[in-house]
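Participant: Quick one: the structure is below, and I'll ask about it shortly.
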Amino acid sequence: MTDAAELRRRTQELLVAQPPATTGRLDFLRARFDAGLAWVHYPEGLGGLNAPRSLQAVVDAELEAAGAPGNDPRRIGIGLGMAAPTILQYGTEEQKRRFLRPLWTGEEVWCQLFSEPGAGSDLAALGTRAARVDEDGWVVDGQKVWTSSAHAARWAILIARTDPDVPKHRGITYFVCDMTDPGVEVRPLRQITGEAEFNEVFLTGVRIPDAHRLGETGDGWRVAQTTLNNERVAIGGMRLPREGGMIGPVARTWRERPELRTHDLHQRLLALWVEAEVARLTGERLRQQLVAGQPGPEGAGMKLGFARLNQQISGLEVELLGAEGLLYDDWTMRRPELVDFTGREAGYRYLRSKGNSIEGGTSEVLLNIVAERVLGLPAEPRTDKDVAWKDLAR
Ligand SMILES: Cc1cc2nc3c(=O)[nH]c(=O)nc-3n(C[C@H](O)[C@H](O)[C@H](O)COP(=O)(O)OP(=O)(O)OC[C@H]3O[C@@H](n4cnc5c(N)ncnc54)[C@H](O)[C@@H]3O)c2cc1C
């Protein structure tokens, strides 16, 4: 079993072989992946060493101390947080070898083609159709929406209906879609912040080889659950230093600008600071629980708390700054590849955090998940459970 001492030794070996000061960023990241120090709990040959997941922190600390470059999980969040664990669990050996390395190094960006105009919270109602056309593969037609990073992505995880004659959860199949293929059209959608971080994606006669199917035909809903459970942990349970999230900028303003302080704001800031710290430490505990297996429905609770807290903190920040907090003067159309919460002004944080309670599952739906799957309360009534998808009212 690889222990902390062994990982430290291997990390030092990597640093000697590829000194960060003289090695290019990509070369360093590739070498780190090949040394099994990318995600240490992954299998050997796929960026890991089958080590306990908790020991990743040992490697990260050594590399940070040596000034080694990181792989910037914000830019490649969908790949790292959602596509990778799904490929690891359901992919063939060939798929794992093809996709995981450039995904981890960030050479290939991923997006998630799940939501549709008529299928968001009720994702299993989706209508994008994948028809088997020959032995080699499928042809996909349909429309997706709110697809973050589609404009930067090389690959997409895609769910599509392959059997309309069975109830909605059973007729879905999971694919990897090549975003550069003919028939994939990406159109920007502007957000409340003015920028277009997400897109509409039109799929017209897109050919997908059967070798790019993840999991069994018709089993896409189960595969998608792996993605969705990981998504909530990825969004809600990001590893952060103290004051590393939304609370950071407002706490700094508080320290630097005593003229803005009032007693009431002081009390509210303190309460939110404590909550932010509790959320950060709960995320740490959740990550430690993950060492024991797949993320469970508890990730839904983390994501719920993350959204509520971000909105409360950014609201307080705007209030603290008064008229200055309302200034938002850059409506230039941008197509960012990064969501940079802390690097921009308070107005941006306030507007962007509105999406936190929608993206990755709305807060209302996450409350349902916590009620049903964590607390064991009765499930919502479902009248469509045994009805073929093609017979559902739309
Ligand atoms: C910033 C951002 C980025 C996104 N990125 C992506 C992406 O990359 N890929 C992707 O596939 N999708 C993405 N999405 C889409 C997101 O996952 C969906 O918007 C979300 O699942 C909600 O679906 P909907 O918009 O269709 O709303 P609806 O499902 O129509 O919901 C409308 C309202 O009804 C409520 N509601 C619905 N069902 C229930 C219920 N059973 N009980 C109680 N209330 C209910 C909802 O909570 C909500 O308030 C993104 C969204 C945002 C805002």
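The values are calculated or read from the model by the stated rules, or taken from the named source; none is laboratory data. Since this is a predicted model, take the numbers as computed values, not measurements. Cβ sites come from the backbone with ideal geometry, for glycine too, and all protein chains shown count toward neighbours. Just so you know, the surface numbers come from the protein's heavy atoms only, side chains and all, with ligands and any DNA or RNA stripped out. Shrake-Rupley method; radii C 1.70, N 1.55, O 1.52, S 1.80 Å.
Participant: State to the nearest 20 debye the size of the charge dipole of the chain about its Cα centre, where the only charges are +1 on K and R beta carbons and -1 on D and E beta carbons.
Facilitator: The dipole magnitude comes to about 440 debye.
Participant: Here's something else I'd like to know. Hey, what's segment 49-154 come to in accessible area per residue, 1.4 Å probe, Å²?
Facilitator: Per residue, segment 49-154 has 41 Å² of solvent-accessible surface.
Participant: What do you get for trypsin sites (Lys or Arg not before Pro) in segment 254-323 restricted to DSSP loop and a cutoff of at most 14 other Cβ within 10 Å of the site's Cβ?
Facilitator: Sites meeting the loop and neighbour criteria: Arg261.
Participant: Give me the distance between the Cα centres of segment 363-393 and segment 116-141, rounded to whole Å.
Facilitator: Segment 363-393 and segment 116-141 have Cα centres spaced 21 Å from each other.
Participant: Pairs to check: Lys96/Lys354; Lys144/Lys385; Lys303/Lys390. Give those whose C-alpha atoms are more than 31 Å from each other in this structure.
Facilitator: Lys96/Lys354; Lys303/Lys390
Participant: Here is a follow-up. Which order do peptides 372-381, 160-169 fall in by mean Cβ count within 10 Å, highest first?
Facilitator: 160-169, 372-381
Participant: What's the local net charge at Ala307, with K and R +1, D and E -1, over the other residues with C-beta under 14 Å away?
Facilitator: +2
Participant: Separate question: What is the local net charge at Ala371, summed over the other residues whose Cβ is closer than 14 Å to its Cβ (Lys, Arg +1; Asp, Glu -1)?
Facilitator: -3
Participant: How much of the accessible area of segment 1-133, probe 1.4 Å, is carbon plus sulfur, in whole percent?
Facilitator: Carbon plus sulfur share of accessible area: 50 percent.
Participant: Tally Lys/Arg at +1 and Asp/Glu at -1 over every other residue whose Cβ is under 11 Å from the Cβ of Ser357; what's the total?
Facilitator: Local charge sum for Ser357: +1.
Participant: Kindly provide log₁₀ I(q)/I(0) values, in the same order as q = 0.11, 0.20, 0.22 Å⁻¹, from the Debye equation applied to equal alpha-carbon scatterers of segment 275-389.
Facilitator: -0.53, -1.15, -1.26
Participant: Then there is this: What are the extents of the Cα atoms of segment 15-118 along their three principal axes, listed from largest to smallest and rounded to whole Å?
Facilitator: Sorted largest first, the three principal extents are 52, 26, 24 Å.
Participant: Tell me the per residue accessible area of segment 192-285 using a 1.4 Å probe; a whole number in Å² is fine.
Facilitator: Accessible area per residue, segment 192-285: 48 Å².
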